[in-house]
């Protein structure tokens with residue numbers, strides 16, 4: 001959770017904690033105050049606004065329509081406050097704060113570690129949090145202010161998100177060097193069917209790319225299904241079958257010859273889109289803006305490298 005510097009009225013922070021945690025008791029615990037104080041502040045806020053912000057249910061509190069509207073305002077206010085503090089600290093030669101990143105698994109293997117290492121050299125006092133999640137849950141984390149930056153494959157357009165950068169990467173089969181298909185320059189799904197397959201579960205965006213293949217798989221086929229890109233990679237390294245993904249997340253394995261990535265043509269080349277996202281209309285704090293630009297540049301470079309690698313193999 002991002003550390004909060006207090007600048008606004010306490011009720012703003014109380015409200016934010018309650019809607020984020022769904023409980024007055026949990027909110028009070030996170031704020032280190034009595035539950036009665038939080039409850040009283042929320043009741044006073046609802047009285048002042050003349051609307052009910054929360055629906056009280058046996059399992060906790062959820063936002064009403066009015067509460068959703070107010071929560072959106074609170075998210076903007078708190079994030080803009082962080083930006084102001086960031087700019088004031090930059091003027092004083094200080095760089096402090098926190099950045100929260102949420103990403104699908106692939107970019108956390110090679111892309112993000114290198115970028116975070118460089119970022120920390122420039123901003124040593126800015127803490128960084130990184131969460132790995134499936135594509136479906138990432139947009140809401142950014143929109144609701146729990147994450148500053150998101151990296152996700154094949155995300156549908158959302159007016160509440162700004163796509164800062166996008167890279168199109170060839171989707172392909174991933175095999176060990178001694179696999180019978182490893183010397184091919186391109187493959188169709190039909191080419192893969194006779195061999196054991198390592199497929200993705202529905203939590204991963206890759207699952208959508210593989211629906212056509214799954215429709216053709218025989219009941220006699222050897223199948224492993226995983227919700228982890230890294231677990232699928234491990235299976236491929238052990239020669240247990242053909243995995244499917246872009247080069248993102250296996251760059252080092254390809255470079256050192258541990259795995260081969262072979263583009264899928266079905267019948268034309270299949271691309272997977274890696275997008276970099278922030279909340280729409282948000283003015284980014286200085287350190288967040290720097291990291292966003294670094295990630296954006298890295299995605300652009302990786303896209304060029306992906307194109308060059310496939311031209312060379314073709």
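The values are calculated or read from the model by the stated rules, or taken from the named source; none is laboratory data. Small disclaimer: the values here were computed from a predicted structure and weren't measured. For neighbour counting, all protein chains shown are included, and Cβ atoms are generated from backbone atoms with ideal geometry for every residue, glycine included.
Structure data summary
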read-out: Close pairs (7 angstrom Cβ cut-off, 6 or more residues apart or separate chains): at positive phi in the stretch 200-221, surrounded by 14 or more Cβ atoms within 10 Å (Cβ to Cβ) anywhere; value: none
read-out: Subset of the stretch 144-167 (residues that are closer than 28 Å to residue 16 by Cα, touching a residue at least 12 places away in the same chain (Cβ under 8 Å) and part of a loop (DSSP other than H, G, I, E, B)); value: 144, 145, 146, 147, 148, 155, 158, 159, 160
read-out: Among residues of the stretch 223-238, those that are at pLDDT 95 or above and assigned to a loop (DSSP other than H, G, I, E, B), counted; value: 1
read-out: Test: residue in the stretch 31-39 that is at pLDDT below 90, buried (at least 16 other Cβ atoms within 10 Å of the Cβ) and part of a helix (DSSP H, G or I); value: yes
